[in-house]
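The block underneath contains the structure these notes are about, expressed in structure tokens.
The values are calculated or read from the model by the stated rules, or taken from the named source; none is laboratory data. Since we're looking at a predicted model, the values are computed, not measured. Here the Cβ is made from the backbone with ideal geometry for all residues, glycine too, and neighbour counts use every protein chain on show. To get the accessible areas, we keep the full protein, side chains included, count just its heavy atoms, and leave off ligands, DNA and RNA. Shrake-Rupley method; radii C 1.70, N 1.55, O 1.52, S 1.80 Å.
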Amino acid sequence: MNELERLNDNSGHQSVSKPSGPLTSLEVYDKYGAMAYGIILQIVPQPNLAQEVLVNVFSSPLLQSCNSYPFTFAVCVIKLARAKAVEAKRKLMTIGTVSTEQTNISQESTPELIFDLAFRQGFSPEEVAEKLHISKSEVLKAFHDFFKSFPHS
């Protein structure tokens, strides 16, 4: 069971208990740090900068709001890590340190390219459509195709 833990009591009956209270930043880091770092590295492939972003994620006051997030805590950490990484990447792009290889866009609009532009580079579906000269519905269909290409387990 995801966030629930089964315990055996002395009578041999099993009871279910929830973790007590909100997680501390250190507990959150221990549990979700590697996942967040992997997401950040996909967006900011420079380890030193990615580590700075990771520290920024886990020191953010927004992290504590994840305790009341309507989905799982992991989803909240993913969203926060992605947002901080995209913000860092945009700052890099404004000062011109991103290589031209990363900013060049191929004319071939593959689902992988469209996902990369939206997730790793932080462009909205409207911006992706404009950059690739395709409709927003084609962008959304490419997202669907990208996720559909993964095998189900």
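What the table shows:
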read-out	value
Flag for Leu92 being at pLDDT below 80 and closer than 18 Å to Phe119 by Cβ	yes
Thr103, sole failed condition from (1) modelled with pLDDT of 85 or more; (2) under 28 Å from His133 (Cα atoms); (3) open to solvent by 40 Å² or more (accessible area, probe 1.4 Å)	(1)
Some residue of the stretch 36-59 being open to solvent by 70 Å² or more (accessible area, probe 1.4 Å), among the polar types (S, T, N, Q) and modelled with pLDDT under 80	no
